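Each reported figure results from applying straightforward, stated rules to the coordinates on display, with no laboratory input. What you see is a predicted model; the values in this text were computed from it and never measured. Methodologically, a virtual Cβ is constructed for each residue, glycine included, from the backbone with ideal geometry; neighbour enumeration extends over all protein chains shown.
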Amino acid sequence: MLVCNLKYNDFVIWSLFIFFTERIFPDLHFWNTNSKIALKFHTEIIMPELLGKYSTRKEGSTKLIFWCKCKSVDDGTPMICCDNNKCQIKWLHFICVGLSNMPNTEWICDFCK
């Protein structure tokens with residue numbers, strides 16, 4: 001809710017036998033306490049698993065993946081994937097390549113041009 005700047009969300013359960021709704025408001029204390037933990041989990045667990053299946057590989061390696069020309073991890077800021085299948089870098093931060101929006105066409109990084 002805080003990421004989307006919402007004032008509330010409605011949690012709704014509906015079936016043939018019950019209709020339940022509860023209005024849920026943002027919890028700033030919870031957000032301030034847990035947002036850094038959630039970003040760390042996303043960066044160190046979720047993205048490496050989605051992109052490289054590190055946790056479910058037979059070897060079980062859980063090394064962090066570093067992206068972009070800045071040699072950083074996915075920090076949650078927008079990134080773009082180079083459309084060259086042989087790109088050595090593959091994912092780059094928008095800010096590092098001077099983008100503010102996702103292009104509507106194929107995008108090749110400067111390293112592959």
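Structural remarks
- Using the rule -39500 (n - 2.57) for each DSSP H run of four or more residues, divided by the residues of the chain, the 222 nm mean residue ellipticity is -5500 deg cm²/dmol.
- Listed residues Leu39, Leu51, Leu92, most fluctuating in the chain (Gaussian network, C-alpha, under 10 Å): Leu51
- Alpha carbon centroid spacing (whole Å) that separates segment 8-25 from segment 81-107: 41
- Here Lys113 is the anchor, and the aspartates and glutamates within straight C-alpha reach of less than 13 Å, apart from those fewer than 8 places off in the same chain, are Asp83.
- Quarter of Cα convex hull surface for the chain, i.e. mean projection, nm²: 11.8
- Using 0.36 nm per residue and subtracting the Cα-Cα separation, the extra length available between Gln88 and Asp10 on full extension is 23.6 nm.
- Degrees, to the nearest 10: 28-41 long Cα axis against longest axis of the chain: 30
- Extension gain, Ile46 back to Leu99 (0.36 nm per residue minus Cα-Cα distance, nm): 16.6 nm
- Computed magnitude of the charge dipole of the chain (debye, nearest 20; Cβ of K, R +1, Cβ of D, E -1): 400
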